[in-house]
Amino acid sequence: MMTTGGIHSNSTYQPITIQVPGKLFIAGEFAVLEPEASAIVAAVNRYVYAEIAFSDDNHLQLPNIGFEDIRWDVIEGNLHLYEQSPKLSFLQNTLQICNQYIVEAGIKLKPFTLRINSELDDASGRKYGLGSSAAVVVAAVTAILRLYKEEGISSSPEIIYKLASIVHFKTQGNGSCADVAASTYGGYLHYSAFDGEWIKDRLTEDINLHAFIAEQWPGLHIKKIVPPTELLLCVGWTGNEMSTYKMIEKIKRLKLVQPAAYADFLEQSIMAVHDMVDQFEKSDERGAIQSFARNRKALSKLGRDAEAEIETPKLQELIHIANKYGAGKTSGAGGGDCGIAFVIGELNASQLKEEWASSNIEPLNLAVSKEGAMEIRKADETSD
């Protein structure tokens, strides 16, 4: 559902609307940054919307973060925004990379207006930790590729994912890009990250993006998986926010000063994730819950060893309640935001949510989005 009105421009072209889901980490957090490890991540049904159309001039509209209309141009091959802010770095790099990709295809750039709205956070500004920056980049990349569809530009999930990951590394320089994969492909994914040092080295070169995307990226593995029918995901919000960057730095320090403790965590996480994938394939609800609980145990010990508050007191309460009905754990870096649980059947889910609510933990009305980045038609949209 579109959260605000559409493009404000003089364009006579019919706008294209793109819908991109947010994400939740299910299992394998922190470990997924290592080449031998993997994670399970899921797309969720809160969305970022991008609306795009050719226009007389280049415009970027980001009402959610206070930028109603920013003019931009490409000057001698470099993108120039007529307004500067750290909040714009991801989108500035998105526009630069996508323009380069279009030009490399031998297509002349044409001005367009891109408008992005997000419903990943609460209307009051509360952040739920659903991966907004990744979803925004995926939405923008998908929109630009779709805009040039008639000129032969493909918007396959692989191309969207790889372009968005390039933007991510160009902007931030690290991360697993599991959130990029979830927003691109949708559903539940078994995910192994590409070699981050390899991509950083490649991005220092004068690379052709089309050739780079066609390469096999070392370590990358993305596979859709399907959970057992009666296994239900529940999500609770604890009211806290935590910097993922700060948490990762504490984990990195543990790896240096206590390598044995870190290696033990890595081994336990790898086994828990692989076993959970196996239980999904076997449609074994109870086995999946046991594997999920095993991953929580590994993360909890990691937090204690690293002196990182992965499980805040409120998240511990969320998990304790969830364990009465199934199993609970943190999602993502921990330290706040969302906790998640798996239970078997609607009755357990309903009772769990009631007990969370009575303990001032907000049950979020989230479900897994089977679809990833996709174009939606006007008939599918409603505007406020």
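The values are calculated or read from the model by the stated rules, or taken from the named source; none is laboratory data. If you're wondering where the values come from, they're calculated on a predicted model, not measured in any experiment. With ideal geometry, Cβ positions are generated from the backbone for all residues, glycine too; neighbour counts draw on all protein chains shown. Please note that ligands, DNA and RNA were not included when accessible areas were found on the heavy atoms of the full protein model with its side chains. Shrake-Rupley method; radii C 1.70, N 1.55, O 1.52, S 1.80 Å.
Between ILE376 and GLU158, 0.36 nm times their residue separation minus their Cα-Cα distance comes to what?
Additional length available on full extension: 76.5 nm.
Separation of the range 155-226 and the range 268-332 by C-alpha centroid, Å?
If you average the Cα positions of each part, the centres end up 26 Å apart.
Kindly express, to the nearest 10 degrees and within the range 0 to 90, the angle between helix 285-306's C-alpha long axis and the longest C-alpha principal axis of the chain.
90 degrees
Please give me, ordered by residue number, the chymotrypsin sites (Phe, Trp or Tyr not before Pro) of the range 189-221 that lie in loop per DSSP and have at most 10 other Cβ atoms within 10 Å.
On the way: sites: TYR191, PHE194, TRP198, PHE212; in loops: PHE194.
Sparse-neighbourhood loop chymotrypsin sites (Phe, Trp or Tyr not before Pro): none present.
Convert each backbone phi in the range 18-29 into a coupling constant with the Karplus relation 6.51 cos²θ - 1.76 cosθ + 1.60 (shift: θ = phi - 60°), then list the ³J(HN,Hα) values in order as whole Hz, x for Gly and Pro.
Computed from phi, the couplings for the range 18-29 are 10, 10, 9, x, x, 9, 9, 6, 9, 7, x, 4 Hz.
Got a number for the accessible area of HIS168? Probe 1.4 Å, square angstrom, nearest 10.
Only protein atoms counted, so the area is about 20 Å².
Compute the helix-to-body angle for 89-104: its Cα long axis versus the longest principal axis of the chain, expressed 0 to 90° and rounded to tens.
Around 60 degrees separate the two axes.
Return the subset of LYS224/LYS301; LYS110/LYS170; LYS252/LYS301; LYS23/LYS250 for which the Cα-Cα distance in this structure is over 26 Å, preserving the input order.
Pairs exceeding 26 Å: LYS224/LYS301.
With θ set to phi - 60°, apply the Karplus curve 6.51 cos²θ - 1.76 cosθ + 1.60 along the range 231-237 and write out the HN-Hα couplings as whole Hz, x wherever there is a Gly or Pro.
Taking θ as phi minus 60°, the curve returns 7, 10, 8, 10, 10, x, 10 Hz for the range 231-237.
In nanometres, what is the gap between the two model label sites at GLU150 and THR244, each 7 Å from Cα along Cα-to-Cβ?
Calculated label separation equals 3.7 nm.
From the phi angles alone, apply the Karplus equation (6.51, -1.76, 1.60; θ = phi - 60°) to the range 174-182 and give each ³J(HN,Hα) in whole Hz, x where the residue is Gly or Pro.
7, x, 8, 6, 5, 5, 4, 5, 4
Between ASN365 and VAL103, what is the spin-label point distance in nm, taking each point 7 Å from the Cα along the Cα→C-beta axis?
Result for the modelled spin labels: 4.6 nm.
Using the charge dipole of the range 287-384 (Lys, Arg: +1 at Cβ; Asp, Glu: -1 at Cβ; taken about the Cα centre), state which of TRP356, ALA367, ILE319 has its Cα farthest towards the positive end.
Value computed over the given set: ILE319.
For the range 30-141, rounded, prolate or oblate, judged on the Cα gyration tensor with a ≥ b ≥ c (square roots of eigenvalues), a/c < 1.5 rounded, else prolate if a/b > b/c?
On the way: a/c = 2.16, a/b = 1.39, b/c = 1.56.
Verdict is oblate for the range 30-141.
Among all the aspartates and glutamates, which ones have a C-alpha under 16 Å from LYS149's C-alpha, if same-chain residues fewer than 8 places away are not counted?
GLU51, GLU104, GLU158, GLU375
Quick one: which residues, 5+ away or cross-chain, put their amide H under 5 Å from the amide H of SER55? H built at 1.01 Å from N.
HN-HN under 5 Å from SER55: PHE112, THR113.
Using only Cα atoms and rounding to the nearest 10 degrees, what angle (0 to 90) does helix 346-358 make with the longest principal axis of the chain?
Value to nearest ten degrees: 90.
Protein chains only, probe 1.4 Å: how do GLU354, GLU267 rank by accessible area, largest first?
Details: GLU354 120, GLU267 100 Å².
Ranked from most to least accessible, the order is GLU354, GLU267.
Before I look further, what does the range 291-351 give for accessible area per residue, probe 1.4 Å, in whole square angstrom?
Working: 2280 Å² over 61 residues.
Counting only protein heavy atoms, the per-residue value for the range 291-351 is 37 Å².
Would you compute, from DSSP H runs of 4+ residues alone, the mean residue ellipticity of the chain at 222 nm, taking -39500 (n - 2.57) per run and dividing by the full residue count, rounded to the nearest 500?
Numbers: 11 runs with 155 residues, N = 384.
Computed mean residue ellipticity for the chain: -13000 deg cm²/dmol.
Hey, rough spin-label estimate for LYS200 and ALA261, points 7 angstrom out along Cα→Cβ, what's it come to in nanometres?
With each label point 7 Å from Cα toward Cβ, the separation is 2.4 nm.
Under 8 Å for C-alpha pairs, at least 6 residues apart: give me the relative contact order for the chain, rounded to a whole percent.
Computed over the chain, the figure is 23 percent.
Ignoring ligands, DNA and RNA, what percent of the accessible area of the range 182-299 is carbon or sulfur (1.4 Å)?
50 percent
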